[in-house]
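Since the structure comes first, as structure tokens, the remarks are kept for the end.
The values are calculated or read from the model by the stated rules, or taken from the named source; none is laboratory data. The structure displayed is predicted, hence computed values, not measured ones. We place every Cβ from the backbone using ideal geometry, glycine too, and count neighbours over all the protein chains shown.
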Amino acid sequence: MKKLLFFIILLPNLLFAQKITVSDEQQIKLLQVINAVKNLYVDTVNQQQLVDNTIVAMLEKLDPHSTFITAKDVQMANEPLQGSFDGIGIQFQIMRDTLLVVQTISNCPAEKVGIVAGDKIIQVDTINIAGVKMEQSKIMKLLRGKRGTKVNVKVVRAGSPKLLDFVITRDKIPIYSVDAAYEIAPKVGYIKINNFSATTMSEYHKAFDELKSKGIKQLIIDLQSNGGGRMDAAQELSDEFLSANKLIVYMKGENQPRQEAKSTSAGGFEKGDLVVLVDEYSASASEIVAGALQDWDRAVIVGRRTFGKGLVQRPLPLIDGSEIRLTIARYYTPSGRNIQKPYGSSKEKYYEELLNRVKHGELQHPDSISFPDSLKYKTLVLKRTIYGGGGIMPDVFVPLDTTKYTDYYGKIIRKGIFNQTMMEYLEKEKNNIKNYFLTFDNYNKNFSVPKSLLEKMVENATKEKIEFNEEQFEKSKDLITLIIKAYIARNIWENGDYYKVINTQNEIIQKALEVLGNYKKYLK
């Protein structure tokens, strides 16, 4: 006790003698409070938890992407960019004692049942994980489990008046970047990239080289729902399409001098016609690629306005093995755009901004989007008008088609009925289908989803107390049939074959092919 009092009494003299700055004074003030609680508080205090909570509260007031990760959770947090694991396949943040889904991993269990970025998971099986200050490592243990086991989660989704129930079947979560690469039309290559990781460029080069050997002249890079990842991978991908010494991105912050990344002469596709696909879930590193190629008039950007994340985080290890990921700079596209959308002081409102786009009709009508003149920029070659301050606005807008999505469809997906029915069907028919069609191309051309399979899905849904709605079923029937065919293709042949089926009715993909059919017109 005497030691603490002595420390407090000496502080005024210490400040005067050493001419401590205001910043130093604030740090000492923080230490004063922590020491006072430690030595004077009425009850026993967990010091580590006290400090961790202080750090979390401090970072939450800065921006939506500065975060604290405990020592237990550092390895888990790095897994989505480095390795593979078992689980449901989401990236998330703990925000005010609530699990917020930041991104779903492509083709993994959570995505298959319809979990989306911005969802808040508040219950895992019968255990409430919201508002109880549960450690992230414990939440991870609840979500992870043996492959094939099921986990029930309850989700709060902005805009939904009630909790949404999901049944997710755990699986191996492979971490790869390139979902699919194939010749989507004569001399047109297609490469789907789901994230930017340590393996992205090696995967890309392998995919591109195979397409190049087939003589492709035009290329589609699909970044739809790509939530980002490693900035260096995004820079390297951009370099593939730009001639030497072109600015790709630059970063600067109050305490960070300007740093630039420029293209080299090593690009593998610097002159061919290029289209980049984006949507409202394309973020961060994806926006670096789209922004650089749009600014240099190198590609036509097709889709919908991207998420709008233009902040750079640096991982900083702490003394106990924990880590903070601190926003140190903003990144800017070559024309000078910072595409970070406004975030204020509320992470909830930040992630719910996507819901506001829905409410305002933006996903269906580009005219509902307005940018102030202060955010107006010009492309560097053709001097076209572009905007910053809220994501990358595509050159060619494609509205979201919601006509086939119904409440009945949503329930059979969320409750795992679709996955359950498909597993039962493939267990019986997988070998028969493979032996009959022999190749994917033959399957894709000639397979039709049997009526009995659709009836079985309805039967399984009824058993799970999902009331059959004939009108909604008929409205969603074509979509369900398409997904069934794609699902079977992926399970019998290759992962990329899923996209060969599903892309035939993807509006953004079809618009991209239209653009490439008259590329010079759309580029202007």
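No other residue among Tyr377, Tyr408, Tyr425 is in contact with a Leu (Cβ under 7 Å, 6 or more places away or on another chain), surrounded by 15 or more Cβ atoms within 10 Å (Cβ to Cβ) and not polar (S, T, N, Q) apart from Tyr425. Is there a residue being over 30 Å from Phe92 (Cα atoms), of a type in the set (D, E, K, R), out of contact with any strand residue (DSSP E or B) (no Cβ under 8 Å at 6 or more places or on another chain) and at pLDDT 95 or above anywhere in region 244-257? Scanning region 244-257 turns up no residue that is over 30 Å from Phe92 (Cα atoms), of a type in the set (D, E, K, R), out of contact with any strand residue (DSSP E or B) (no Cβ under 8 Å at 6 or more places or on another chain) and at pLDDT 95 or above. Evaluate the following for Val449: is it within 25 Å of Val167 (Cα to Cα), of a type in the set (A, V, I, L, M, F, W, C) and touching a Ser or Thr at 6+ places or on another chain (Cβ under 6 Å)? For Val449, the condition - within 25 Å of Val167 (Cα to Cα), of a type in the set (A, V, I, L, M, F, W, C) and touching a Ser or Thr at 6+ places or on another chain (Cβ under 6 Å) - is met. Residues that are among the β-branched types (Val, Ile, Thr) and more than 18 Å from Asn442 (Cβ to Cβ) within region 483-510 comprise Ile483, Ile502, Ile508, Ile509, listed in sequence order.
Conditions tested, residue by residue: (1) under 25 Å from the mean Cα position of the chain (by Cα); (2) in the same structural domain as Phe166 (by TED's automatic domain parsing); (3) more than 19 Å from Tyr405 (Cα to Cα).
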position	(1), (2), (3)
Tyr436	no, no, yes
Glu459	no, no, yes
Lys475	no, no, no
Ile480	yes, no, no
Gln505	yes, no, no
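Given the condition of a type in the set (Gly, Ala, Ser) and under 21 Å from Ser263 (Cβ atoms), answer yes or no: does some residue in region 149-158 qualify? No, region 149-158 contains no residue that is of a type in the set (Gly, Ala, Ser) and under 21 Å from Ser263 (Cβ atoms). Evaluation of Tyr387 against the conditions (1) surrounded by 17 or more Cβ atoms within 10 Å (Cβ to Cβ); (2) more than 22 Å from Tyr351 (Cα to Cα); (3) in contact (Cβ under 8 Å) with a residue 12 or more places away in the chain; (4) among the aromatic types (Phe, Trp, Tyr) shows that the sole unmet condition is (2).
Condition check: in contact (Cβ under 8 Å) with a residue 12 or more places away in the chain and crowded, with 18+ Cβ neighbours inside 10 Å. Does Ile127 satisfy that? Considered against the rule, which asks whether it is in contact (Cβ under 8 Å) with a residue 12 or more places away in the chain and crowded, with 18+ Cβ neighbours inside 10 Å, Ile127 comes out as no.
Looking at this structure, is Lys376 of a type in the set (Lys, Arg) and under 30 Å from Asn152 (Cα atoms)? For Lys376, the condition - of a type in the set (Lys, Arg) and under 30 Å from Asn152 (Cα atoms) - is not met.
Whenever a residue of region 338-352 is surrounded by 18 or more Cβ atoms within 10 Å (Cβ to Cβ), its partners that are modelled with pLDDT under 75 and of a type in the set (A, V, I, L, M), lying with C-beta atoms within less than 7 angstrom and at least six residues away or across chains, give the pairs Lys347/Met95. Among residues of region 421-444 that are within 17 Å of Glu455 (Cβ to Cβ), those with a Cβ under 6 angstrom from a residue that is surrounded by 14 or more Cβ atoms within 10 Å (Cβ to Cβ) and modelled with pLDDT of 90 or more, sequence gap 6+ or separate chain, pair up as Thr421/Lys456; Thr421/Met457; Thr421/Asn460; Tyr425/Leu453. Of all the listed residues (Ile69, Ile90, Ile105, Ile94), the sole one being at pLDDT 85 or above and not small (Gly, Ala, Ser) is Ile69. Just one residue in the set Ala180, Ala158 is aliphatic (A, V, I, L, M), under 22 Å from the mean Cα position of the chain (by Cα) and under 22 Å from His65 (Cβ atoms); that residue is Ala158.
Among the criteria (1) modelled with pLDDT under 90; (2) assigned to a loop (DSSP other than H, G, I, E, B); (3) of a type outside the set (Val, Ile, Thr); (4) surrounded by fewer than 12 Cβ atoms within 10 Å (Cβ to Cβ), the one Asp367 does not fulfil is (2).
Can you confirm whether Ile139 is surrounded by 12 or more Cβ atoms within 10 Å (Cβ to Cβ), closer than 27 Å to Asn495 by Cα, in contact (Cβ under 8 Å) with a residue 40 or more places away in the chain and within 22 Å of the chain's Cα centre (by Cα)? For Ile139, the condition - surrounded by 12 or more Cβ atoms within 10 Å (Cβ to Cβ), closer than 27 Å to Asn495 by Cα, in contact (Cβ under 8 Å) with a residue 40 or more places away in the chain and within 22 Å of the chain's Cα centre (by Cα) - is not met. Within region 292-321, being part of a loop (DSSP other than H, G, I, E, B), farther than 12 Å from Gln224 by Cβ and either at pLDDT below 95 or of a type in the set (Gly, Ala, Ser) (or both) holds for Ala299, Arg305, Gly308, Lys309, Gly310, Leu318, Ile319, Asp320, Gly321. Selection of region 460-482 for residues being loosely packed, with under 13 Cβ neighbours inside 10 Å, among the polar types (S, T, N, Q) and under 27 Å from Asn444 (Cα atoms) yields an empty set. Among the residues of region 335-360, those identified as closer than 19 Å to Leu375 by Cα, part of a loop (DSSP other than H, G, I, E, B) and modelled with pLDDT of 75 or more are Ser335, Gly336, Arg337, Asn338, Ile339, Gln340, Lys341, Pro342, Tyr343.
Residues in region 92-106 include none that are among the charged types (D, E, K, R) and within 24 Å of Ile412 (Cβ to Cβ).
Looking only at residues that are touching an Asp or Glu at 6+ places or on another chain (Cβ under 9 Å) and in contact (Cβ under 8 Å) with a residue 40 or more places away in the chain in region 483-499, which one is surrounded by the fewest Cβ atoms within 10 Å (Cβ to Cβ)? Per the stated criteria, the residue is Asn495. Among Ser368, Ser335, Ser322, which is the only one that is under 30 Å from Ala71 (Cα atoms), of a type in the set (S, T, N, Q), outside the structural domain of Leu454 (by TED's automatic domain parsing) and in contact with a helix residue (DSSP H, G or I) (Cβ under 9 Å, 6 or more places away or on another chain)? Result: Ser322 is the single residue among Ser368, Ser335, Ser322 that is under 30 Å from Ala71 (Cα atoms), of a type in the set (S, T, N, Q), outside the structural domain of Leu454 (by TED's automatic domain parsing) and in contact with a helix residue (DSSP H, G or I) (Cβ under 9 Å, 6 or more places away or on another chain).
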